[in-house]
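Peer 1: This structure is in C-alpha cells; I'll ask about it shortly.
Only the coordinates and a few stated rules stand behind these numbers; no lab work does. Because the structure is predicted, anything quoted here is derived from the model rather than measured. Using ideal geometry, Cβ is built from the backbone for each residue, glycine included, and neighbour counts are taken over all protein chains shown.
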Amino acid sequence: MSVILYSLCAADGRRHYSPHVWKIIMALRHKGVRAEVRPVSFADIAAIEDGSFKSVPVLNDNGHLEGDSFEIAVHLERAYPDGPTLFGGPGGQAMARFVESFSQAVIHPPVSAVAAMDMHALMSPADQAYFRAAREKRFGMTLEQAAATREVELAALPAKFAPLRGVLAKQPWLGGQQPLFADYILFGVLQWARITLPHALLPADDPVSAWFERCLDLHGGVGRSVTLSDH
Ligand SMILES: N[C@@H](CCC(=O)N[C@@H](CS)C(=O)NCC(=O)O)C(=O)O
C-alpha cells in the first residue's frame, strides 16, 4: 500500500506552495488517507511517474495515476467511500466545479501577480528561469511589471472574496456545517499566498480570514506545518 503525492516545492525542499497541491493535501487528510508528499521542482514534473504529466499535483494511489486536482478529489471520493465525503453527493461535486471556476477566474490571477516576485525568490535558479519565461508569456509583461501592480491588486482583492464572505455569514464552511472539497479549493489559494507572501493577503478582521484560520486548524493543523515566508 503506497500513496504518493508529487508537490511543487521551494528550493529549501520544505515549502510546498502550490495551491492545487494544497487542495489535495487537505483532501487526503479529510479522507484519512496517509500519503508520502514527494517534493519536485518545475524541471522534475516531466519525469514524474510515466512522464505524461505537465503539472502538479500528481497522485499515485497504489498504482492508479491521476494528474488534476479536481480529478484526484473525484478519485479519492470513489476509492475511499468509508471516509468522510468530499462533495456531499453528485450535486455537491457539480457545484464544487463552480467554486473551482470562481477561484481560477477571479482569485487566482491577482494572487499570481501579487506573489510573482516572492515566488521567484523561493525557487532554485533553474526553476526561476523556467518560471520567469512561462509567467512572462502568460502575463504579457515582465515579472517585475506584474509585481508593480501589487498595490492596486491587493486593494481590489477583499471585494473579490465577497461571494465567500456572503456564504460565511450564514454558515461556517462552504460545505455547510463541515468543510468539503469546495472549502479546500479556496483554502489552496490563500495557503499559496500565506506561504509565499511576507504579509497577509486579507485584513485579520475579515470573516474570510477567520474561515482561513479554521481551515489551518483542520486535520491536525497540517496547513500550519509549512514554514512561512521569511525572505
Ligand atoms: N488544473 C490543474 C492545474 C495545476 C497547475 O496549474 N499546477 C501548477 C503548479 S500550481 C503547475 O504544475 N504548473 C506547471 C507549469 O507551470 O509548468 C489542477 O488543478 O491540478
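Peer 1: How many nm separate the modelled label positions at R14 and H64, each set 7 Å beyond the Cα in the direction of the Cβ?
Peer 2: 3.5
Peer 1: Normalising by the residue count of the chain, find the relative contact order in percent from Cα pairs under 8 Å and 6+ residues apart.
Peer 2: Details: 320 pairs, mean separation 56.5, N = 231.
Relative contact order, the chain: 24 percent.
Peer 1: R0 = 41 Å: FRET efficiency of D44 with Q145, Cβ-based, nearest 0.05?
Peer 2: 0.90
Peer 1: Among S41, S69, S7, which comes first, second and so on when ranked by fewest other beta-carbon atoms within 10 Å?
Peer 2: Details: S41 17, S69 26, S7 21.
Neighbour counts put them in this order, fewest first: S41, S7, S69.
Peer 1: Between A156 and A129, what is the label-to-label distance in nm when each label sits 7 Å out along the Cα-to-Cβ direction?
Peer 2: My value for the distance between the label points is 3.4 nm.
Peer 1: Right, something else. Based on DSSP H runs of at least 4 residues, each adding -39500 (n - 2.57), what is the mean residue ellipticity at 222 nm of the chain after dividing by all its residues, to the nearest 500 deg cm²/dmol?
Peer 2: So the helix-based figure for the chain works out to -16500 deg cm²/dmol.
Peer 1: How long is the gain from A121 to H199 if the chain were fully straight, where each residue apart is worth 0.36 nm and the alpha carbon distance is subtracted?
Peer 2: Details: separation 78, 0.36 × 78 = 28.08 nm, distance 1.48 nm.
Going from the current span to full extension adds 26.6 nm.
Peer 1: Now for a different question. Could you work out how much longer the chain between K54 and H219 gets when fully extended? Use 0.36 nm per residue separation minus the Cα distance between them, nm to one decimal. Intermediate results must be reported in sequence, preceding the final value.
Peer 2: Numbers: separation 165, 0.36 × 165 = 59.40 nm, distance 2.90 nm.
Contour length minus Cα-Cα distance gives 56.5 nm.
Peer 1: Something else: Too long at a 24 Å Cα-Cα cut-off: which of K31/K170; K23/K160; K31/K160?
Peer 2: Beyond 24 Å between Cα atoms: K31/K170; K31/K160.
Peer 1: Another question, if that's okay. Count the DSSP beta bridges whose two residues both fall in the chain, then state the antiparallel fraction as a percent rounded to the nearest 5. Mind showing how you got there, number by number?
Peer 2: Details: 9 of 14 bridges.
Rounded to the nearest five, the antiparallel share is 65 percent.
Peer 1: Continuing with this model, one more query. What distance in nm separates the two pseudo spin-label positions at D82 and K170, each 7 Å out from Cα along the beta-carbon direction?
Peer 2: About 3.6 nm, to one decimal.
Peer 1: Round to a whole angstrom and tell me the spacing of the C-alpha centers of segment 91-124 and segment 202-228.
Peer 2: The distance from the Cα centre of segment 91-124 to that of segment 202-228 comes to 17 Å.
Peer 1: With charges set only on the Cβ (+1 for Lys and Arg, -1 for Asp and Glu), what does the dipole of the chain come to about its Cα centre, in debye to the nearest 20? Don't skip to the end; give the middle numbers.
Peer 2: Numbers: 21 positive and 24 negative charges, 53 e Å.
Dipole about the Cα centre, nearest 20: 260 debye.
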